Amino acid sequence: MDTTKTARCFLAVALAATVAACQPDAPAPDTDASAGSSAAAAPEATVAPVVPEDSVPEAVVVSTNEPFWQAWVEGGELALVGAGVDERRYPIQSSGLDQAVRVVNAANASGKVEMRVADLACQDSMSGADFPMTGTLSIDGGEAITGCARPAIPAHFHGRWAPDAAGCADAAATIEDIEIDGRGMRFHESMAFPVEVSIVDGGSVRLSNRYSGEGEQWESQQTLAVSGDTLVITGPDDQRLERIRCRD
(Lines give C-alpha, C1' and ligand atoms only; values in the text may rest on other atoms or scores of the structure.)
Protein backbone atom coordinates (compact mmCIF):
# COMPACT_ATOMS: atom_id res chain seq x y z
CA MET A 1 0.00 0.00 0.00
CA ASP A 2 1.48 3.33 -0.97
CA THR A 3 2.00 6.21 1.45
CA THR A 4 -0.90 8.33 0.22
CA LYS A 5 -3.41 5.49 0.52
CA THR A 6 -2.07 4.58 3.97
CA ALA A 7 -2.52 8.16 5.20
CA ARG A 8 -6.06 8.28 3.83
CA CYS A 9 -6.94 4.99 5.52
CA PHE A 10 -5.47 5.98 8.88
CA LEU A 11 -7.28 9.29 8.85
CA ALA A 12 -10.52 7.56 7.97
CA VAL A 13 -10.13 5.36 11.05
CA ALA A 14 -9.53 8.40 13.25
CA LEU A 15 -12.62 10.05 11.83
CA ALA A 16 -14.63 6.90 12.62
CA ALA A 17 -15.48 6.52 8.94
CA THR A 18 -15.58 3.31 6.98
CA VAL A 19 -12.26 1.56 6.40
CA ALA A 20 -13.45 -1.16 4.04
CA ALA A 21 -11.22 0.17 1.25
CA CYS A 22 -8.17 -0.03 3.49
CA GLN A 23 -8.64 -3.55 4.91
CA PRO A 24 -8.98 -7.06 3.48
CA ASP A 25 -12.40 -8.66 3.50
CA ALA A 26 -13.35 -9.85 6.96
CA PRO A 27 -13.81 -13.65 7.41
CA ALA A 28 -17.33 -14.99 7.63
CA PRO A 29 -18.66 -14.92 11.19
CA ASP A 30 -18.63 -18.12 13.18
CA THR A 31 -22.11 -19.59 13.45
CA ASP A 32 -21.92 -20.07 17.20
CA ALA A 33 -20.53 -16.59 17.81
CA SER A 34 -23.29 -14.98 15.74
CA ALA A 35 -25.84 -16.60 17.97
CA GLY A 36 -24.60 -14.58 20.93
CA SER A 37 -26.03 -11.34 22.18
CA SER A 38 -25.68 -8.08 20.24
CA ALA A 39 -23.51 -6.75 23.08
CA ALA A 40 -20.91 -9.43 22.32
CA ALA A 41 -20.59 -8.14 18.75
CA ALA A 42 -19.95 -4.55 19.79
CA PRO A 43 -16.14 -4.87 20.15
CA GLU A 44 -15.92 -5.69 16.42
CA ALA A 45 -16.89 -2.11 15.50
CA THR A 46 -14.19 0.35 14.46
CA VAL A 47 -13.23 2.50 17.44
CA ALA A 48 -11.45 5.85 17.19
CA PRO A 49 -8.04 5.87 18.93
CA VAL A 50 -7.98 7.32 22.42
CA VAL A 51 -5.37 10.10 22.55
CA PRO A 52 -4.74 12.94 24.99
CA GLU A 53 -6.82 16.03 24.22
CA ASP A 54 -3.76 18.23 23.80
CA SER A 55 -2.22 15.86 21.22
CA VAL A 56 -4.07 17.80 18.51
CA PRO A 57 -3.57 21.48 19.37
CA GLU A 58 -5.91 24.26 18.30
CA ALA A 59 -3.21 25.95 16.19
CA VAL A 60 -2.26 23.64 13.32
CA VAL A 61 -1.06 23.76 9.70
CA VAL A 62 -2.37 21.38 7.00
CA SER A 63 -0.64 20.98 3.61
CA THR A 64 -1.96 18.95 0.68
CA ASN A 65 -0.48 17.88 -2.66
CA GLU A 66 -2.21 17.88 -6.05
CA PRO A 67 -4.15 20.05 -5.50
CA PHE A 68 -1.70 22.12 -3.51
CA TRP A 69 -3.31 23.86 -0.56
CA GLN A 70 -2.04 25.07 2.76
CA ALA A 71 -4.28 26.19 5.62
CA TRP A 72 -3.34 27.27 9.10
CA VAL A 73 -5.01 28.55 12.24
CA GLU A 74 -3.85 32.02 13.26
CA GLY A 75 -5.63 33.53 16.21
CA GLY A 76 -9.35 33.53 15.50
CA GLU A 77 -8.89 33.03 11.76
CA LEU A 78 -8.14 30.24 9.32
CA ALA A 79 -5.80 31.32 6.51
CA LEU A 80 -5.79 29.49 3.18
CA VAL A 81 -3.39 29.68 0.23
CA GLY A 82 -3.10 27.58 -2.92
CA ALA A 83 -1.29 27.37 -6.22
CA GLY A 84 -2.09 30.63 -8.01
CA VAL A 85 -4.51 31.65 -5.24
CA ASP A 86 -3.95 34.70 -3.07
CA GLU A 87 -4.22 34.28 0.67
CA ARG A 88 -7.77 34.08 1.96
CA ARG A 89 -8.84 34.49 5.59
CA TYR A 90 -11.97 33.17 7.21
CA PRO A 91 -13.24 33.80 10.76
CA ILE A 92 -13.30 30.54 12.73
CA GLN A 93 -16.86 29.51 13.57
CA SER A 94 -15.97 26.49 15.70
CA SER A 95 -12.97 24.42 16.79
CA GLY A 96 -13.18 21.30 18.90
CA LEU A 97 -12.39 17.62 19.26
CA ASP A 98 -14.66 14.98 17.76
CA GLN A 99 -13.52 11.46 18.73
CA ALA A 100 -9.89 12.65 19.07
CA VAL A 101 -9.99 14.56 15.75
CA ARG A 102 -9.59 18.35 15.77
CA VAL A 103 -12.38 19.83 13.62
CA VAL A 104 -12.13 23.49 12.62
CA ASN A 105 -14.90 25.20 10.67
CA ALA A 106 -14.35 28.68 9.22
CA ALA A 107 -16.51 30.74 6.89
CA ASN A 108 -17.38 34.16 5.56
CA ALA A 109 -19.45 35.56 2.70
CA SER A 110 -16.93 34.32 0.10
CA GLY A 111 -16.75 30.68 1.15
CA LYS A 112 -16.03 28.12 3.84
CA VAL A 113 -13.32 25.66 4.88
CA GLU A 114 -13.44 22.61 7.13
CA MET A 115 -10.13 21.35 8.52
CA ARG A 116 -9.81 17.98 10.26
CA VAL A 117 -6.59 16.89 11.98
CA ALA A 118 -5.85 13.53 13.61
CA ASP A 119 -2.90 12.51 15.78
CA LEU A 120 -1.64 10.05 13.18
CA ALA A 121 1.84 10.17 11.64
CA CYS A 122 1.99 11.19 7.97
CA GLN A 123 4.58 11.09 5.21
CA ASP A 124 4.46 13.68 2.46
CA SER A 125 3.63 11.94 -0.82
CA MET A 126 6.07 14.07 -2.82
CA SER A 127 9.01 14.99 -0.57
CA GLY A 128 8.92 11.94 1.69
CA ALA A 129 9.15 14.21 4.76
CA ASP A 130 7.61 12.87 7.96
CA PHE A 131 4.97 14.86 9.87
CA PRO A 132 3.41 14.20 13.27
CA MET A 133 -0.24 14.48 12.18
CA THR A 134 -2.59 13.79 9.28
CA GLY A 135 -5.21 16.26 8.08
CA THR A 136 -7.90 16.94 5.51
CA LEU A 137 -9.23 20.13 3.95
CA SER A 138 -12.75 20.55 2.55
CA ILE A 139 -13.04 23.81 0.63
CA ASP A 140 -16.45 25.31 -0.19
CA GLY A 141 -18.17 22.01 0.51
CA GLY A 142 -15.93 20.02 -1.84
CA GLU A 143 -14.48 16.56 -1.31
CA ALA A 144 -12.01 16.24 1.55
CA ILE A 145 -8.38 16.47 0.39
CA THR A 146 -5.90 14.47 2.48
CA GLY A 147 -2.52 15.88 3.50
CA CYS A 148 -0.05 16.13 6.34
CA ALA A 149 -0.34 18.36 9.40
CA ARG A 150 1.92 19.90 12.02
CA PRO A 151 1.61 22.34 14.92
CA ALA A 152 1.53 26.07 14.21
CA ILE A 153 3.66 28.66 15.97
CA PRO A 154 1.52 30.42 18.64
CA ALA A 155 0.07 33.80 17.68
CA HIS A 156 1.99 35.95 20.19
CA PHE A 157 5.23 35.22 18.27
CA HIS A 158 3.79 36.39 14.95
CA GLY A 159 4.95 39.54 13.22
CA ARG A 160 8.05 41.18 11.77
CA TRP A 161 11.08 41.41 14.03
CA ALA A 162 14.06 43.65 13.17
CA PRO A 163 17.46 44.25 14.80
CA ASP A 164 16.64 47.90 15.62
CA ALA A 165 14.15 50.75 15.17
CA ALA A 166 15.66 51.75 11.83
CA GLY A 167 15.01 48.28 10.47
CA CYS A 168 11.41 48.50 11.64
CA ALA A 169 10.94 51.91 10.04
CA ASP A 170 12.27 50.77 6.66
CA ALA A 171 12.16 47.07 5.78
CA ALA A 172 14.56 47.71 2.89
CA ALA A 173 17.17 49.02 5.33
CA THR A 174 18.00 45.56 6.71
CA ILE A 175 18.33 41.95 5.63
CA GLU A 176 18.40 40.76 9.23
CA ASP A 177 14.70 40.96 9.98
CA ILE A 178 12.64 37.84 10.69
CA GLU A 179 9.01 37.31 9.79
CA ILE A 180 7.02 34.80 11.82
CA ASP A 181 3.52 33.49 11.28
CA GLY A 182 1.74 30.26 12.11
CA ARG A 183 3.50 28.39 9.30
CA GLY A 184 7.09 29.21 10.23
CA MET A 185 9.95 31.73 10.26
CA ARG A 186 11.31 33.52 7.18
CA PHE A 187 14.85 34.86 7.16
CA HIS A 188 16.66 36.70 4.36
CA GLU A 189 17.77 33.57 2.50
CA SER A 190 16.06 30.71 4.31
CA MET A 191 12.81 29.56 5.83
CA ALA A 192 12.10 27.32 8.79
CA PHE A 193 8.90 25.47 9.57
CA PRO A 194 8.33 23.55 12.81
CA VAL A 195 7.63 19.84 12.84
CA GLU A 196 7.24 19.88 16.63
CA VAL A 197 6.16 22.73 18.91
CA SER A 198 6.59 22.45 22.69
CA ILE A 199 5.35 25.16 25.05
CA VAL A 200 8.05 25.91 27.62
CA ASP A 201 6.07 28.55 29.53
CA GLY A 202 3.79 31.51 28.85
CA GLY A 203 6.44 33.41 26.89
CA SER A 204 8.63 30.64 25.45
CA VAL A 205 8.26 27.86 22.92
CA ARG A 206 10.71 25.20 21.70
CA LEU A 207 10.67 24.37 17.97
CA SER A 208 12.08 21.43 16.05
CA ASN A 209 12.53 23.13 12.69
CA ARG A 210 13.16 22.02 9.13
CA TYR A 211 15.13 24.66 7.25
CA SER A 212 15.46 25.24 3.52
CA GLY A 213 17.50 27.86 1.73
CA GLU A 214 20.03 28.35 -1.06
CA GLY A 215 19.33 24.84 -2.36
CA GLU A 216 20.03 23.14 0.97
CA GLN A 217 17.92 21.59 3.71
CA TRP A 218 18.76 20.97 7.35
CA GLU A 219 17.18 20.53 10.77
CA SER A 220 17.73 22.45 13.98
CA GLN A 221 16.09 23.15 17.32
CA GLN A 222 15.47 26.68 18.58
CA THR A 223 13.77 28.23 21.56
CA LEU A 224 11.77 31.42 21.02
CA ALA A 225 11.16 33.69 24.00
CA VAL A 226 9.15 36.92 23.96
CA SER A 227 9.31 39.52 26.71
CA GLY A 228 7.45 42.73 25.93
CA ASP A 229 8.55 43.72 22.43
CA THR A 230 11.78 41.72 22.48
CA LEU A 231 12.25 38.35 20.83
CA VAL A 232 15.22 36.12 21.69
CA ILE A 233 15.97 33.04 19.59
CA THR A 234 18.48 30.59 21.04
CA GLY A 235 19.80 27.47 19.38
CA PRO A 236 22.57 24.89 19.49
CA ASP A 237 26.18 25.92 20.11
CA ASP A 238 25.08 28.99 22.10
CA GLN A 239 23.59 30.67 19.02
CA ARG A 240 21.52 33.70 20.00
CA LEU A 241 19.52 36.26 18.04
CA GLU A 242 17.71 39.23 19.57
CA ARG A 243 15.10 41.23 17.68
CA ILE A 244 12.46 43.88 18.45
CA ARG A 245 8.85 43.81 17.34
CA CYS A 246 7.93 46.08 14.44
CA ARG A 247 4.58 47.78 14.87
CA ASP A 248 3.95 48.47 11.20
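Quick one: which of 97-106, 148-157, 79-88 comes out on top by average Cβ neighbours within 10 Å, and what's the full order, highest first?
148-157, 97-106, 79-88
Under the rule of at least 5 residues apart or a separate chain, name every residue whose amide H is placed under 5 Å from the amide H of E196.
For E196, the qualifying residues are S208.
May I ask you to give the solvent-accessible area per residue for the range 98-192, in square angstrom, as obtained with a 1.4 angstrom probe?
Solvent-accessible surface per residue comes out at 41 Å².
Using Cα-Cα distances under 8 Å and only pairs 6 or more residues apart, what relative contact order does the range 130-248 have, in percent? Spell out each step's value before the answer.
Numbers: 242 pairs, mean separation 23.5, N = 119.
RCO, the range 130-248: 20 percent.
Calculate what fraction, in whole %, of the accessible area of the range 166-248 sits on carbon and sulfur atoms when a 1.4 Å probe is rolled over the protein chains.
Here carbon and sulfur together make up 44 percent of the probe-accessible area.
The values are calculated or read from the model by the stated rules, or taken from the named source; none is laboratory data. Because the structure is predicted, anything quoted here is derived from the model rather than measured. In this analysis, Cβ positions are derived from the backbone assuming ideal geometry, glycine residues included, and neighbour counts consider all displayed protein chains. The protein model used for the area step is the full one, side chains on, heavy atoms only, and it has no ligands, DNA or RNA in it. Shrake-Rupley method; radii C 1.70, N 1.55, O 1.52, S 1.80 Å.
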